[in-house]
Amino acid sequence: MDTDSLNAFTQPAALNQFLVENVITPGEKRKLIKPTSSNNPKLEELKLLLIDWINTTLKEEHIVVKSLEEDLYDGLVLHHLMENLGSLKLDVDKIALTEKKQRQKLSVILEAVAKCLQLEESQLKWSVEAILAKDLLSTLHLLVAIAKHFQPSLDFPPNVHVETITIENTSKGLKTANGVEYITGSKENSEEQSTDDAFDELFSRAPERLDDVKKVFLQFVNQHVEKLGLNVKDMESQFADGVILLLLIGQLEGYFLNLRDFFLTPASTTEMMHSSEAFQLKSESLCSKELLHNVNLALDLLTDGGLLNFSVNSEDIVKGDLKTTMRVLYCLYSKYKAKET
């Protein structure tokens, strides 16, 4: 949730030092691990496990990794790791000395990772720029994904999660969002895994039940947004702009949502108040950036409230991906339906 201050950096001097070390350009948005999580024992255990796994894997090549942040960003270790594990021959130089060459090298390597792991772009929790910037969160997600694919027997510490801060450099200054992000799940019956399994099962093996589940969700949603004079009929399209999701969260969680913090469709609040049908219409005036802002704000609210403990690609919701939308709605449904019954 956007706030007016950086909770992780209580002193201006600390914030200034952070900005010197992590340049956030205008329009850029970055998610980083909060300093409060830096001494997390489970996080340290995961880092040590990954370092030991890399060094054991690349022992014959005499490669020794001491720091995930400092030793992975230029692509050299990742290059050797993917060639060793995936029996690949990557068409890039082993050593890249300039930033341009490192960026090109990482692009080839990460493309090979996505292909080997059969991941769509929307599923990636890392990027070339993030790895190059020595972003620990992205590096951990990348290494865990590679390790799980090539060595599934590796004994990861369960439920490793970190406090995060998302910083966006807007025209009005810095905006921040606090959250919690899971890097590994539990060994059995984790909420994230069971949620994913349930919806994967529904879509792949029981599509005939999909309409029934949608009706349950729609009934739950309308029970609460009808108080605002709204009605949801199409789950894919009507949640894509994030507005109804925000209003639903506000109703259930008791949040006061300032209309200046998100973009309405249509833009006129007067029109929203006087015509629920007009409010349902998609406004072509809203660009994808504004839609993503709305959805990201909703996801931040859910995370801050402890309702969302798995990663969600906000672009999937904007694109009307039904499975992603239903997973997010389930976070609210599972909490409040139980209270109502």
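Treating only the Cα positions of the range 73-166 as identical point scatterers, give the base-10 log of I(q)/I(0) from the Debye formula at each q in 0.17, 0.22 Å⁻¹.
Results for the range 73-166 at q = 0.17, 0.22 Å⁻¹ read -0.76, -1.21.
Output the Kirkwood hydrodynamic radius of the range 13-184, Cα pairs only, in Å rounded to one decimal.
This gives a value of 17.1 Å.
How much length, in nm to one decimal, is gained on full extension between Glu60 and Glu226, taken as 0.36 nm per residue of separation minus their Cα-Cα distance?
53.3 nm
Do any GluC sites (Glu not before Pro) in the range 150-188 lie in a DSSP loop with no more than 14 other beta carbon atoms within 10 Å, and if so, which?
In loop regions of the range 150-188 (DSSP not H, G, I, E or B), the sparsely surrounded GluC sites (Glu not before Pro) are Glu188.
Sort Ser67, Ser204 from largest to smallest accessible area, using a 1.4 Å probe on the heavy atoms of the protein chains.
Ser204, Ser67
With a 1.4 Å probe and all protein chains kept in place, how much accessible area does Asp52 have, in Å² rounded to the nearest 10?
Around 90 Å² of this residue is reachable by solvent.
Assuming R0 = 30 Å, what is the FRET efficiency of Lys172 and Lys215, from their Cβ-Cβ distance, to the nearest 0.05?
Result of the calculation: an efficiency of 0.10.
Sort Tyr336, Tyr182 by accessible area with a 1.4 Å probe, largest first.
Solvent-accessible surface, decreasing: Tyr182, Tyr336.
So if each residue of separation counts as 0.36 nm, and I subtract the Cα-Cα distance between Lys148 and Asn39, what length gain in nm does that give?
Full extension of this stretch gives 36.8 nm more.
Ranked by accessible surface with a 1.4 Å probe, highest first, in what order do Val243, Val180 come?
Val180, Val243
Going by average Cβ density within 10 Å per residue, which order do the peptides 217-226, 290-299 take, highest to lowest?
Going by the mean number of other Cβ atoms within 10 Å, highest first, we get 290-299, 217-226.
The values are calculated or read from the model by the stated rules, or taken from the named source; none is laboratory data. Just so you know, these numbers come straight off a predicted model, no measurement behind them. As a convention, Cβ positions derive from the backbone with ideal geometry for all residues, glycine included, and neighbour counts pool all protein chains shown. Only protein heavy atoms, including side chains, enter the accessible area calculation; ligands, DNA and RNA are left aside. Shrake-Rupley method; radii C 1.70, N 1.55, O 1.52, S 1.80 Å.
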